[in-house]
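**Q** Please see the structure below; I have some questions.
Any read-out appearing in this document is the output of simple, stated calculations on the displayed coordinates, not a laboratory observation. Please read these numbers as outputs of a predicted model, since none were measured by experiment. Using ideal geometry, Cβ is built from the backbone for each residue, glycine included, and neighbour counts are taken over all protein chains shown.
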């Protein structure tokens with residue numbers, strides 16, 4: 001029996017045994033830290049954030065396992081359809097989306113306010129992995145074969161930029177660049193794209209809202225507007241510095257509990273954690289993230305299918321970008337953008353996106369011995 005044939009007949013019990021339960025435990029550990037910080041952010045109350053986060057994580061865990069057990073070829077087959085559905089939802093946001101914090105980003109489904117731009121990050125990785133899976137290494141270096149994937153990146157990025165959500169739009173572009181690089185696109189094409197980006201900066205700048213322009217200008221000198229655009233980052237730096245090595249103690253952070261620290265339950269939750277648990281607490285969380293990234297890279301290397309490798313590496317890169325951008329933002333290394341800290345920040349769609357992404361990562365691990373042809377069909381060993 002071929003190696004593929006045996007994996008084709010993989011029983012449900014075998015799939016469950018091949019799930020990387022250690023990775024899931026690491027994810028649970030990170031989410032537990034998040035719940036604890038949300039409990040602290042509410043001054044020792046489960047409401048309004050911690051209890052809801054537990055519910056969302058539990059639902060996300062069920063979705064994670066479900067995605068992990070579905071045949072990888074199913075996700076290959078419907079990758080474009082999922083991308084198209086998410087693109088349609090982004091268009092729906094333009095027509096009938098809910099507005100919050102100065103941007104029109106959500107669709108109100110009653111039970112949850114869905115933010116399609118978050119889920120599009122995974123949809124884009126799926127679509128690009130599907131496309132490059134079917135393109136040979138020789139053709140992937142030819143410009144005509146890059147037009148379709150460039151369109152796949154450009155369409156959602158432009159729609160998200162119009163909401164306006166500069167941070168997520170740039171995030172989608174970075175995901176696209178990462179998958180292009182993984183797929184084997186030559187470096188000189190990235191240099192050319194970078195030059196084109198430089199030319200387009202004045203155009204993009206003119207498309208930004210006033211508050212977005214202020215964020216970028218304040219990044220270079222927060223002190224020019226300490227009570228306005230520079231307030232977030234200045235308070236974040238104060239909280240980070242006051243935590244020291246071991247922190248002030250659980251629920252003892254002055255910046256967060258005296259409400260000097262803005263958005264402490266979402267974008268700036270790492271700052272609150274560093275104030276209460278210090279450098280050691282921050283390094284502990286970074287250690288958990290590092291383990292997830294190592295597992296993601298190892299899973300991608302073990303996958304026998306090109307689609308699986310691209311998908312796993314793309315999702316691992318997405319996790320890295322989430323962590324890097326959020327922590328760099330709260331440290332003042334990059335301008336303030338609305339990128340949550342994975343598994344920690346409060347938010348329904350953000351948690352769903354991260355759990356779905358890890359579910360696909362584990363799916364690649366479960367089906368690591370699956371061979372797929374360029375057209376997605378089976379291949380014997």
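**Q** Fewest to most neighbouring Cβ within 10 Å: what's the order for 257, 367?
**A** Ranked by crowding around the Cβ, least crowded first: 257, 367.
**Q** Could you list 280, 372, 319 in order of exposure, starting from the residue whose Cβ has the fewest other Cβ atoms within 10 Å?
**A** 280, 319, 372
**Q** Taking the highest mean first, how do the peptides 328-340, 114-126 order by number of other beta carbon atoms within 10 angstrom per residue?
**A** Going by the mean number of other Cβ atoms within 10 Å, highest first, we get 114-126, 328-340.
**Q** Give, in nm to one decimal, the length gained when the segment between residue 32 and residue 84 is fully stretched (0.36 nm per residue of separation minus the Cα-Cα distance).
**A** Answer, rounded to one decimal: 15.3 nm.
**Q** Still on this structure: For a footprinting-style exposure proxy, rank 35, 160 by other Cβ within 10 Å, fewest first.
**A** Result, fewest neighbours first: 35, 160.
**Q** Additional query: Give me the extension gain from residue 148 to residue 203: residue separation times 0.36 nm, minus the current Cα-Cα distance, reported in nm with one decimal.
**A** Stretched out fully, the residue 148 to residue 203 stretch lengthens by 17.5 nm.
**Q** If each residue of separation counts as 0.36 nm, what is the full-extension length gain between residue 246 and residue 71 once their alpha-carbon separation is subtracted?
**A** Length gained between residue 246 and residue 71: 58.4 nm.
**Q** Here's a follow-up. Distance in nm between label sites at residue 237 and residue 16, each 7 Å beyond Cα in the beta-carbon direction?
**A** Roughly 5.4 nm, to one decimal.
**Q** Related question: Tell me, what is the Rg over Rh of region 35-102, with Rh the Kirkwood radius over Cα pairs?
**A** My calculation of the ratio gives 1.15.
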